[in-house]
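See structure below.
The values are calculated or read from the model by the stated rules, or taken from the named source; none is laboratory data. These numbers come from a predicted model, not from an experiment. Using ideal geometry, Cβ is built from the backbone for each residue, glycine included, and neighbour counts are taken over all protein chains shown. Surface areas here come from the heavy atoms of the whole protein model, side chains and all, with no ligands, DNA or RNA. Shrake-Rupley method; radii C 1.70, N 1.55, O 1.52, S 1.80 Å.
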Amino acid sequence: MVHILGIKLNDGQRARFALTEFYGVGHHVAHRLCARFQIHDQAKVGELTPFQITSLASFLSSPQTAPPLPKFPLATRYYVPPPPSTPLQKLQEEFREKKAERDAEKAKQAAKIGIQKLPPRDPLNNLKIESELKREIRDNIMHHRSIGTWRGRRHGMGLPVRGQRTRTNAKTAKKLNHMGRFNT
Amino acid sequence: MIGKPTVIPVHKTHPFVAFGTPKPSLLENRILSQPTTIIRQATLDMAKVVEFAKDKPSSATRVCYTGDTGAGKSHLLQQTIQHCYAQKWIVISIPRAFATVNSTTPHTYDLRTRTYLQPEFAYQTLQRILTVNEAQLSTLSSLQTYDLGRAASVPPTEKPLTIPAGSPLPDLIQEGLNDSADAPLVLDALMTELQAQEQHPVLLAIDDFQALFARTLYLDPHFTAIQSYHLSMPRLLMQFASGQRSFGRGAVFGALTTTNSQFPISNDVYLALDLDAERWASPYDKHHKPMQEYLKGILPLHIPTGMTPTEAAGLFEIWMGRNALFADGNDALFLSKYTDSNGNPRNFVWNGLLRSLEGSPLVIDRRKPYPQYNLA
């Protein structure tokens, strides 16, 4: 049994499906999360390594502040790797140096042309889940109410908001549409 | 000789048991109780190729079985494995190559090799190679010292893994079996040793060959597909299949699978193996240059779509002998099913013999309300 941010994930479930237990994480976001942390499609929650679990937990606790993902180099056809005894720190230092050189070169090219190159967008950086997402939805509804829009009035009255009929049906809206709907 | 039914005796260290077989063959072997095959003309051709290959480097013999669906490509590959195993080759079989690319095993990026390692698949491959080929591997020793560094899972206070020159190859494999994190390194070292030795010829048999040259289901952290040559296991297989790495003696055999809709045969494979000359190739078809380079020099060996009547008669005898037919087999049943299937082995067996309720005439018993089948 794994607990991430207070949500219980069963060991026997596939990780890609289990991540949808989080409020705000659907199948596509779950797939992206698994790809980010190198969790293959058929991995079960019980098979995740402690490193993967802690990485997931730290990312989901604050997606906006997660460091950007570096683009790691991939082997060409005839690439000969250095011997296995080469220390990992040395490889990482070489990678960082080459990356810094490439970034400096790109910045110089961009400055010459006169454009400002934006960093690549990562959809997961804008991810909101659980209480943060509920707060955003609640704030949106409060905003409609406070500025006196039709939608805000319908939420306040507990009636359908999107133009459905009220002569019959509307049971779900009458049950769920109220101002405190997304209170955590 | 042609059409002769042959039973393949299997035991727990046989490649069919240790490495496994493709699913259709697995189901057939279960129904027949033990693997049974017939000698076809293609089998004799295969034997000649194996005879040619046994004293030459594997880069000189890189063959891929091609043919229509149900023609017997995988079955011929199974016969190749059995033939080489009987001749005491070192046999490495990958019966389901799509398992290396369909995102079912863990993968981790390795900065040193710049590829995604697949430690569990490498671990299982090492285990199976040792199970099947222990006798031959015991006669071989490593020619160089391997300093394999330290696996990520091992604490920094532990000494690095070093395998001295002269270690028997089973001991080298055992080091990889102690920790799955070391398995990719040890598998690479084992393959390097098999490249250097010329005492035993080596067979690398890959079924679902086209899956190595298709889009994989693995995704990198940026959510883009990882190419097969950036995954450690497919890269290893593709290096031997392309001749970039070569066993001192031996061959690489592959077999296409036309029924895998998740990994269909790509345009590059069609072009490289010269399949289906009637397939219309548009100038706008996408081609993948790295894949084309990996496919260069692979010789297609075409399996005829239909069996000859002699071969089909042997197959009919096998199923008749196993009481798989609903009623007694007779010439009329054989000829009708042979004609219906146009001699195609899969259609002949699965859509013909096993789906047929034809046989002896019904028995009329006055004590029973309806005519009965003769099940005696």
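Residues whose amide H lies under 5 Å from that of B:Leu301, counting only those 5 or more places away or on a different chain, are B:Cys64, B:Tyr65, B:Thr66; hydrogens are built 1.01 Å from N in the peptide plane. Between helix B:23-32 and chain B there is an angle of about 50 degrees, using the helix long axis and the longest principal axis of the Cα atoms.
Computed over region B:85-204, the alpha-carbon pair-distance distribution with 5 angstrom bins reads 2, 10, 21, 23, 20, 14, 8, 2, 0, 0, each value a whole percent. In this rough spin-label picture, where each label sits 7 Å from Cα along the Cβ direction, the B:Leu177-A:Ile7 distance is 4.1 nm.
If you count, for every residue in A:40-46, the Cβ atoms of partner chains within 10 Å of its Cβ, what is the mean?
On the way: counts 11, 6, 6, 4, 0, 0, 0.
For peptide A:40-46, the averaged partner shielding equals 4.
Computed from backbone phi with θ = phi - 60° and the Karplus coefficients 6.51, -1.76 and 1.60, the 3J(HN,Hα) list for region B:88-99 is 6, 6, 7, 10, 10, 10, 10, x, 9, 5, 5, 5 Hz; x is used for glycine and proline. Each Lys or Arg adds one and each Asp or Glu subtracts one; over the other residues with Cβ under 13 Å from the Cβ of B:Leu169, this totals -4. Given a Förster distance of 60 angstrom, what is the FRET efficiency for A:Lys175 paired with B:His222, based on the Cβ-Cβ distance and rounded to 0.05? Rounded to the nearest 0.05, the efficiency is 0.90. Hey, what angle do you get for helix B:119-138 against the long axis of chain B, alpha-carbon based, 0 to 90 degrees rounded to 10? Result, in degrees: 80. What region B:225-291 shows is 46 Å² of accessible area per residue, with the surface traced by a 1.4 Å probe over protein heavy atoms. The heavy atoms of B:Asp276 present about 80 square angstrom of accessible area, all protein chains included, probe 1.4 Å. Antiparallel beta bridges, as assigned by DSSP with both residues in chain B, represent about 35 percent of the total such bridges.
If R0 is 56 Å, the Cβ-Cβ spacing of B:His287 and B:Gln199 corresponds to a FRET efficiency of close to 0.85.
Leaving out ligands, DNA and RNA, what percent of the accessible area of the protein assembly as shown is carbon and sulfur, probe 1.4 Å?
Exposed carbon and sulfur together represent 54 percent of the surface.
Select from region A:32-94 those chymotrypsin sites (Phe, Trp or Tyr not before Pro) which occupy a DSSP coil region and have at most 14 other Cβ atoms within 10 Å, ordered by residue number. Sparse-neighbourhood loop chymotrypsin sites (Phe, Trp or Tyr not before Pro): A:Tyr78, A:Tyr79.
In this simple spin-label model, placing a label point 7 Å from the Cα along the Cα-to-Cβ direction at both A:Ala111 and B:Leu111 gives a separation of 2.7 nm. Taking every alpha-carbon pair within the protein assembly as shown, the share separated by more than 32 Å comes to 59 percent.
The angle between the Cα long axis of helix B:331-341 and the main principal axis of chain B comes to about 50°, on a 0 to 90 degree scale.
Averaged across B:221-233, how many Cβ atoms of other chains sit within 10 Å of each residue's Cβ atom?
On the way: counts 11, 9, 10, 1, 1, 2, 1, 0, 4, 2, 0, 1, 0.
Going residue by residue through B:221-233 and averaging, the value is 3.
Legend: calculated FRET efficiency, B:Thr305 to B:Val363, from the Cβ-Cβ distance at R0 = 25 Å, rounded to 0.05, equals 0.05.
Within the protein assembly as shown, DSSP assigns beta bridges of which about 40% are antiparallel (rounded to the nearest 5). Taking amide H atoms as placed 1.01 Å from N in the peptide plane, the amide H of B:Ala205 lies under 5 Å from those of B:Ile92, B:Ser93, B:Ile94, B:Phe253, each 5 or more residues away in sequence or on another chain.
In chain A, excluding the sites themselves, the longest stretch lacking any of the trypsin sites (Lys or Arg not before Pro) that are in a DSSP loop with at most 16 other Cβ atoms within 10 Å is A:1-70. Find out how many positive minus negative residues lie around B:Leu301, taking Lys and Arg as positive, Asp and Glu as negative, among other residues whose Cβ is under 10 Å from that of B:Leu301. Here the charged neighbours net out to 0.
Of all DSSP beta bridges located in region B:142-255, what percent are antiparallel, nearest 5? It would help to have the intermediate numbers written out before the result.
On the way: 3 of 9 bridges.
Of those bridges, close to 35 percent are antiparallel.
Take each of the peptides B:297-304, B:281-288, B:345-352, average the number of other beta-carbon atoms within 10 Å over its residues, and list them starting from the highest. Show your work: numbers first, answer last.
On the way: B:297-304: 16.4, B:281-288: 9.5, B:345-352: 20.4.
Per-residue Cβ counts within 10 Å, averaged per peptide and sorted highest first, yield B:345-352, B:297-304, B:281-288.
Take the residue pairs B:Lys12/B:Lys88; B:Lys73/B:Lys286; B:Lys73/B:Lys289; A:Lys44/A:Lys134; B:Lys23/B:Lys73; B:Lys54/B:Lys88 and return only those whose Cα atoms are more than 18 Å apart. Beyond 18 Å: B:Lys73/B:Lys286; B:Lys73/B:Lys289; A:Lys44/A:Lys134. For the residues of A:75-85, the average number of beta carbons from a partner chain within 10 Å of their own beta carbon is 6. A simple spin-label model places pseudo-atoms 7 Å from Cα toward Cβ; at B:Thr192 and B:Gln144 they are separated by 0.5 nm.
Assuming charge only on the beta carbon of Lys and Arg (+1) and of Asp and Glu (-1), the dipole of chain A about its Cα centre is about 1340 debye to the nearest 20.
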